[in-house]
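The values are calculated or read from the model by the stated rules, or taken from the named source; none is laboratory data. Being a predicted model, the structure only gives us computed values, none of them experimental. Here Cβ is always computed from backbone atoms with ideal geometry, including for glycine, and neighbour counts include all displayed protein chains.
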Amino acid sequence: MTLGAGRVLLLLGLLLASPATRAGGMACDSPPELLASHAALPATARAASAGSLRILVVGSASVLGPGTSGPGAAWPARLEALIRARVPHLALEVVTRGARGLTTAETGAIIAAELARAPFNLVLWQVGTAEAVRGLDLDEMVEQVNEGLARIVAAGADTVLMDQQFSRFMRANANVDAYRDALRLTAAAHGVPVLRRWDLMQAWAEADTVDIERAGRQEKVAATDKLNDCLAQAMQALIRDGVAEARGRPGQR
């Protein structure tokens, strides 16, 4: 199907704008600086303009939505639902792969296998949690991220990294900041955006938007559902800005 220029613009606008962002607000009242990356997603922009988009989501168990009301409440599923609701005619496929406690090397191997099996336009890579929790070698994590990002570029896809989940317990018992800083610096070296999950969750907890650690037993599932929905909205906003950045560059219009 060939899309006219006007329809392409409408398609991209619908894809990349949630009701909150169209109204001028931010996802779940997120601090705007936490959703600003200024990193382009050219492969995603080209695919969306052509009317189709294939997204690969890889990470630890959090990509599967543990503690939610069901698989449809996990943030990758919510992201897919948000996109489908706004662009019903977009040929969209979201493939999610994850398991509890996976290291960067293990998720990198999953990405390599999936890219060898079929092409993707965008890879959303939740990374670094196992290393931070278990105190694994920081340099090895960075090396694995570098290799993974290079592999994704070679496959013609974009990447968004997602850092660790905010946890007061983890903050008190692990050197999380070292791993978060390493991810941020590695992503910057590759021009790759990072969904700052740790900072976003901390901001939401402090604003009493959603705080799963302090939710009561009866409210835990609803709070986890809300957290996943907020993460999906935040990821959508980051993708929106990455596509807009790509379309603003010469050769990407």
### Task
Report, by residue number, each residue of the range 91-109 that is buried (at least 19 other Cβ atoms within 10 Å of the Cβ) and not in a strand (DSSP E or B).
LEU102, THR103, THR104, THR107, GLY108
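Condition check ((1) surrounded by 22 or more Cβ atoms within 10 Å (Cβ to Cβ); (2) more than 17 Å from the chain's Cα centre (by Cα)) across all residues:
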site: LEU35; (1), (2): yes, no
site: ALA43; (1), (2): yes, no
site: ALA61; (1), (2): no, no
site: TRP75; (1), (2): yes, no
site: LEU79; (1), (2): yes, no
site: ARG86; (1), (2): no, yes
### Task
Test GLU80 against the stated conditions and say whether it is over 17 Å from GLY148 (Cα atoms), modelled with pLDDT of 95 or more and not aromatic (Phe, Trp, Tyr).
yes
#### Entry: Pair list, Cβ under 9 Å, 6 or more apart: the range 158-181 residue among the polar types (S, T, N, Q), other residue buried (at least 22 other Cβ atoms within 10 Å of the Cβ) and assigned to a strand (DSSP E or B)
THR159/LEU122; THR159/VAL123; THR159/LEU124; THR159/TRP125; GLN164/GLN126; GLN165/GLN126
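Within the range 144-157, is even one residue closer than 26 Å to ALA237 by Cα and part of a strand (DSSP E or B)? Reasoning before the result, please.
Of all residues in the range 144-157, those closer than 26 Å to ALA237 by Cα come to 145-146, 148-157.
Of the ones still in play, those that are also part of a strand (DSSP E or B) are none.
The answer is no, given that none of the residues of the range 144-157 is closer than 26 Å to ALA237 by Cα and part of a strand (DSSP E or B).
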### Query
Just a yes or no: is a residue in the range 206-226 modelled with pLDDT of 95 or more and closer than 28 Å to VAL142 by Cα?
no
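Just one of ALA130, ALA150, ALA116, ALA112 is farther than 23 Å from ARG78 by Cα, surrounded by 19 or more Cβ atoms within 10 Å (Cβ to Cβ) and small (Gly, Ala, Ser); which is it? Outline the logic, then answer.
Values: ALA150 fails: surrounded by 19 or more Cβ atoms within 10 Å (Cβ to Cβ); ALA116 fails: surrounded by 19 or more Cβ atoms within 10 Å (Cβ to Cβ); ALA112 fails: surrounded by 19 or more Cβ atoms within 10 Å (Cβ to Cβ).
Matching residue, one of ALA130, ALA150, ALA116, ALA112: ALA130.
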### Query
Counting only residues that are basic (Lys, Arg) and part of a helix (DSSP H, G or I), which one in the range 183-234 is nearest to the chain's Cα centre (by Cα)?
ARG197
